[in-house]
Structure formats: structure tokens, C-alpha cells
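One structure is given here, and the rest of the page talks about it.
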Amino acid sequence: MNDPDHNLIHKYLDGALSAAELAELEASVNSDPEFADRFAQAARLDSDLAALLREDASARSITSRMRQIERDNCPEPALQSSPDGSRNMRIVAWSSVAAALVIAIGTWAIWRSAQSPNNDRPAIAEGPHEVISGEVVADGATAVRLRDGSSIRVDDTGPAVIRLADGSEAELGPQARAVLYGRRDNVRQVVQLLEGSATFRVTKGMGQFRVETEVGSVTALGTEFAVELIPDDPPPGARPNRRDDVLHVSVASGIVEVEYGRHKFLLAGGEEDDFRDDREPRPPRQATEQFASIDLSGGQLHTTTGNEQPQAITHRIAEESSIRIDGEPAAAAELQPKMRVRLMFSEGGQVVAIDAYGSTITGVVRSVDNARNRIVLVGRPREDGSSGDRAYDMLPSLTADVQPGEKVRLQLSARGSRVIRIEPDVRREE
Amino acid sequence: MADRDQFLPLFIQYEADLRGFIRSVVLDPHVREDVFQECAMLLWRQFDQYDGRQSFGAWTRGIAANKIKQRRRDDRRFPVAFSPETIQSVLDAFDRIEAAAGPRTEALSECVEELPPNSRHLVNLRYERNLACAEIASETGRTLEAIYRALSRIREGLEECIRRKLSAA
């Protein structure tokens with residue numbers, strides 16, 4: 001074989017061929033059997049080298065597992081010789097192929113399991129996640145239970161349903177690929193979706209539930225939503241890149257937060273949206289108002305403003321939306337007119353959060369008495385000679401770490417007008 | 001119909017050959033592993049259809065070729081550069097050069113041990129650490145073209161070394 005031919009083959013194996021060189025290689029493989037044989041030998045050698053040299057800790061663990069299986073179950077003659085008796089073959093003698101035998105363990109286990117009637121699914125793995133239906137391949141073997149960190153692929157014959165460790169259910173579409181993680185920090189369950197689509201029915205519980213993709217992440221609490229990675233066609237000649245995929249999220253019920261690039265989006269029940277690189281972020285949808293009346297009924301928020309010409313506004317309220325007064329969870333009936341209310345909206349225009357709080361006071365600190373939970377701001381002297389200073393009671397749990405003369409902003413509570421937060425008044429310094 | 005007792009030893013014997021065929025057609029290592037796993041499952045499921053009179057290696061590669069063609073047909077992003085015709089030509093070539101694991105793999109192991117230190121270092125970077133040629137060029141301070149040529153020469157030398165050891169045996 002001449003040198004250019006040889007280089008062509010090896011450049012292909014190293015992923016370095018241009019389109020023209022690839023066409024040349026294909027033409028040679030199709031027209032010249034000797035060239036095709038050389039090509040096959042080079043590919044085989046390349047594969048053997050990778051198998052020989054990439055024996056890692058995982059592979060050694062697999063070797064150990066195989067030895068155990070061999071000791072426990074395998075009849076010696078079947079493992080030691082090929083059917084035609086031409087070659088002795090001890091699987092434990094050649095550790096470099098151990099990594100390649102992951103699937104062999106799986107398939108062998110399937111076969112063993114299939115020997116007993118009424119058992120058409122082998123149990124070959126342990127772990128907190130359970131495959132309820134469908135065919136799932138995890139780390140090279142069909143599995144009925146999955147460990148944290150399992151890399152899984154769903155068979156192409158249909159979807160698979162997995163009950164996750166936190167009780168939530170994930171239905172992964174055919175050929176979907178994912179990695180199941182357990183708890184991570186304050187997130188009780190993390191699923192990394194690598195390819196395909198999945199629908200999640202999330203149980204209510206402590207901590208968040210998060211689906212991560214190359215494109216963005218989706219975080220939910222007590223909800224049902226679906227995530228799909230839609231391949232984006234690469235430009236001619238370009239290699240596909242998962243980061244170019246379109247992230248499609250649809251929410252059946254509840255609320256999810258989609259983190260995409262540097263932006264966050266809220267989606268509520270009944271809403272769906274596509275997220276992709278060229279998407280222009282919408283302005284944050286929040287509204288802060290003080291209503292003359294406020295009423296939540298029939299899944300809607302009814303408000304009127306207190307102007308001379310009162311204006312009635314009705315918003316849809318999302319399921320699972322939160323109501324907080326002074327930062328604490330509260331019931332709808334506790335909302336009172338004259339409270340300052342901040343509304344947060346989903347991408348589809350539903351109210352997903354109502355935060356009610358009191359007014360904000362700014363001024364210069366005259367004195368602080370943490371023992372009596374009182375802070376005094378400097379006032380304008382009155383005509384009667386009094387100082388005009390304003391005193392505010394603080395929540396007993398609050399300690400004011402400010403000095404006289406400091407400019408501050410006091411956040412008053414919606415209930416009782418007590419100081420619930422003290423911050424430096426940055427705006428005044430500007 | 002094949003006896004299922006035969007599956008595991010046969011699979012182990014021809015697994016490297018199957019991997020070699022998939023490697024020749026699918027360039028992305030992660031997709032390659034997926035295809036291999038899918039093929040292994042298919043082989044297990046369809047083992048009762050295997051005719052023991054034909055080569056087990058040829059049977060496994062045929063199933064792999066069909067799987068790859070199907071994936072290529074169903075997914076335009078599936079990273080296979082070859083046309084179905086070329087995949088068939090490569091399949092035919094593998095049938096001609098078929099070699100089960102065993103002596104060949106042992107010979108390769110010995111040949112790698114005999115490599116000069118610089119060549120062994122390059123081989124380790126490429127196959128043990130799974131670095132791309134551009135990364136190897138960056139790490140060794142050599143040009144990309146020099147890395148291509150060096151790896152090409154090393155692989156050619158290893159192939160020759162394997163032939164020599166097998167013929168001597």
C-alpha cells in the first residue's frame with residue numbers, strides 16, 4: 001500500500017479527513033478490496049489498542065464481578081472453550097477486555113434469569129431507582145433497579161417508566177439517554193437528560209427536583225412536566241452539537257423554573273415553550289402594587305386599585321402558586337387591602353407568586369436600642385420645637401447592626417408595621 | 001437453533017472483532033459505545049436465530065451493520081460518514097480478515113510493550129487518555145501533521161509486529 005493511502009486511513013480513524021478526502025476514502029473502499037481489507041485491519045487495530053490501554057478502575061471492578069459470577073454460576077467448560085473446541089478462552093486471563101464485557105455480564109444475566117418461567121425480566125442491578133416498565137439499559141446491561149449515577153438508555157421499542165428514589169416518576173421516550181443522580185445540595189433529585197424526551201411526575205416533598213440538559217435546566221416542586229431535547233440541524237459540514245439543541249418544556253400542572261443561559265423563565269400548568277440560543281429574553285414580568293381590594297377566588301386573582309377611578313384587574317392564578325406575607329407562607333384569606341403586593345408572572349401570564357409586605361422607609365439613623373428592639377430615624381424639626389424623629393419597633397428576632405448617622409432603608413411588615421429588615425440605603429448614596 | 005449455553009463464550013471470543021467493525025464506521029466514541037451495547041442486546045435476543053454453521057463473527061457484524069444503517073436512516077445527525085454502500089464494503093472486508101480474540105490480542109500486548117518510549121508515550125496519550133490528535137500536539141509541542149504521521153507509523157509498525165508474532169507462533 002502506498003503512503004498516501006495509508007495516511008488516508010489513519011487520518012479517518014483520527015477524525016481528521018476533509019470532505020474531499022472522505023469521498024476519496026469511500027471510493028477506494030468500494031472499488032479496491034485490498035484497500036478495504038487494510039482499512040478494516042487498521043480499524044480493528046485501533047479498537048484493540050483502545051481496549052488494551054483503557055483499562056481503568058471501573059473495568060477492574062467489572063473483572064472482579066465477572067470472576068465472582070464465574071465462580072458462582074458459570075460451568076467451567078462453557079467458559080473455557082469455544083463451541084468448536086478450537087481455542088481455549090479464559091475470560092479472566094485477559095483483563096484488558098474487561099471493560100468490553102460489561103454487556104456480556106448483562107446479557108448472560110438475562111439469559112440465566114430467563115431460564116425460570118414467569119420471570120421475563122432479570123434483576124441485575126441494585127439501587128434506589130426502579131424500572132416500572134419498558135426496557136432500560138444501564139451501564140451496559142438491562143436493569144430493573146438503577147444506582148445513583150447510572151447512565152441509562154431506553155430501548156427503541158417503546159418508552160420506559162422509572163420510579164425515582166424520591167417517589168417521583170420519569171417516563172423516558174424511546175432511545176432517550178439520561179443519567180440519574182440522587183440528592184445534590186438542596187436539590188433532592190437531579191436527572192441529566194442527554195438525548196430525547198422525558199415526562200416527570202414530581203411528588204411533593206422537601207427540596208427541589210431538577211432536570212439538567214446541555215441546553216438549560218428545569219427545576220420544579222410538586223408538578224408534572226415534560227422535557228424534550230429537539231435536535232437542531234447543523235449547517236452543512238458542521239458537526240452536531242447538543243448545545244445547539246432546542247429545549248422544549250411543557251408543564252401539565254404546577255410551576256417550573258427554566259434556567260437557560262443567563263436567564264430564568266417561569267412556566268405554569270398548561271404552558272409550554274421552546275428555549276434556544278437565538279431566543280430573546282423577555283423583560284422580567286413582575287408588578288408591585290397596592291390594591292384597594294384583593295380577592296382570590298375561582299382560581300383567579302381579582303384586584304382593584306385605589307385611584308379615583310378604580311380599575312379592576314383579574315389574573316389567572318397558577319396551580320401551586322405561592323402566597324407569602326412578610327416572607328412567610330400565608331393563606332389567601334390573610335391578604336388585606338393596602339398591603340403592598342408584588343406579583344410574579346409565568347411566561348404565559350399566570351400569577352405564580354404573590355408576595356405581600358408593608359411599606360419601605362428611608363432615613364438617617366438617630367439611635368438604635370437593640371435591647372428594646374427599637375430604631376429611631378432622624379426627622380425634620382417641627383414648629384412646636386420637637387425633633388420630629390420617627391421611632392420604629394423591630395421584630396424581636398432582628399438585631400440592627402447600624403450606627404447613628406448611617407443612611408438606611410427599613411422594610412416594614414405587612415402585619416403590624418414592624419421593621420422586618422434593615423438595609424443600607426444605597427440609592428441615597430448615589 | 002443455537003444453544004444458549006454457547007452465547008457468552010462466543011460473544012467474548014468475537015467481541016473485539018465486533019468493536020473493531022463498529023469503530024471503523026462510527027467515529028464518535030460515545031455513540032460507538034451506545035451502538036455496541038444496543039448490538040449486544042440484539043445479539044442476545046436474536047441468538048436463537050443464529051445458525052451455528054455460519055461464522056458467529058459475521059453474524060454479529062451483520063446485525064451491527066443493519067443497526068448502524070437503521071440509526072443512520074432514522075437520525076440525520078447520527079455520526080456516520082459512510083454511505084450504506086461503503087458500510088457494506090467495510091462489512092465484506094471484515095468478513096475477509098475475521099480474526100477472533102486470543103493470540104492476536106496477546107501479540108498486540110507484547111508489541112505495545114516493545115514500543116520505544118516516545119512511541120509508547122504517544123500511544124498512551126491517544127488510547128489510554130483518549131486525547132484527540134490536536135490535544136496531543138498541544139501537549140507534546142509538535143505539529144498536528146507530525147502527530148498524524150507518527151501515530152500512523154506506530155500503528156503500521158504494530159500491525160507488522162502482530163503479523164510477525166502470529167506467523168512465528
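Which one is nearest to the other protein chains (Cβ to nearest Cβ) among residues in region B:48-92 that are under 23 Å from B:P9 (Cα atoms) and small (G, A, S)? Result: B:G52. B:R45 falls short on exactly one of the conditions (1) within 21 Å of A:K11 (Cα to Cα); (2) within 9 Å of chain A (Cβ to nearest Cβ), and that condition is (1). Considering only residues that are more than 7 Å from chain A (Cβ to nearest Cβ) and under 17 Å from B:K165 (Cβ atoms), look in region B:108-118 and name the one that is surrounded by the fewest Cβ atoms within 10 Å (Cβ to Cβ). Taking the candidates together, the pick is B:E113.
With respect to the conditions (1) more than 10 Å from every other protein chain (Cβ to nearest Cβ); (2) under 27 Å from B:G62 (Cα atoms), B:I97 falls short on a single one, namely (1). The criterion of at least 2 residues that are among the β-branched types (V, I, T) is met by the following strands (runs of 3 or more DSSP E) wholly inside region A:127-214: A:129-133, A:136-138, A:150-154, A:160-163, A:187-201.
So which residues in region B:119-141 are in a loop (DSSP other than H, G, I, E, B) and either out of contact with any helix residue (DSSP H, G or I) (no Cβ under 8 Å at 6 or more places or on another chain) or within 10 Å of another protein chain (Cβ to nearest Cβ) (or both), if there are any at all? Of everything in region B:119-141, those that are in a loop (DSSP other than H, G, I, E, B) and either out of contact with any helix residue (DSSP H, G or I) (no Cβ under 8 Å at 6 or more places or on another chain) or within 10 Å of another protein chain (Cβ to nearest Cβ) (or both) turn out to be B:R129, B:N130, B:A132, B:G141.
For region A:1-53, filtered to residues that are more than 7 Å from chain B (Cβ to nearest Cβ) and of a type in the set (S, T, N, Q), the residue that is surrounded by the most Cβ atoms within 10 Å (Cβ to Cβ) is A:S28.
For the structure I just gave you, tell me whether B:A107 is at pLDDT below 90, closer than 17 Å to A:A51 by Cβ, in a helix (DSSP H, G or I) and of a type in the set (A, V, I, L, M). Taking the combined requirement at face value, the residue satisfies it. Take region A:321-351 and flag every residue that is part of a strand (DSSP E or B), polar (S, T, N, Q) and buried (at least 19 other Cβ atoms within 10 Å of the Cβ). Correct list: A:S321 only. Just to verify a result, which residue in region A:192-216, among those that are β-branched (V, I, T) and out of contact with any Phe, Trp or Tyr (no Cβ under 7 Å at 6 or more places or on another chain), is surrounded by the most Cβ atoms within 10 Å (Cβ to Cβ)? Ranking the qualifying residues of region A:192-216, first place goes to A:T213. Checked against (1) within 26 Å of A:E24 (Cα to Cα); (2) within 8 Å of chain A (Cβ to nearest Cβ), B:T105 passes all but a single condition, namely (1).
Answer with yes or no whether B:R155 is assigned to a loop (DSSP other than H, G, I, E, B) and facing chain A (nearest Cβ under 9 Å). So B:R155 fails the test.
The values are calculated or read from the model by the stated rules, or taken from the named source; none is laboratory data. Small disclaimer: the values here were computed from a predicted structure and weren't measured. Glycine also receives a Cβ, built like all others from the backbone with ideal geometry; neighbour counts cover every protein chain displayed.
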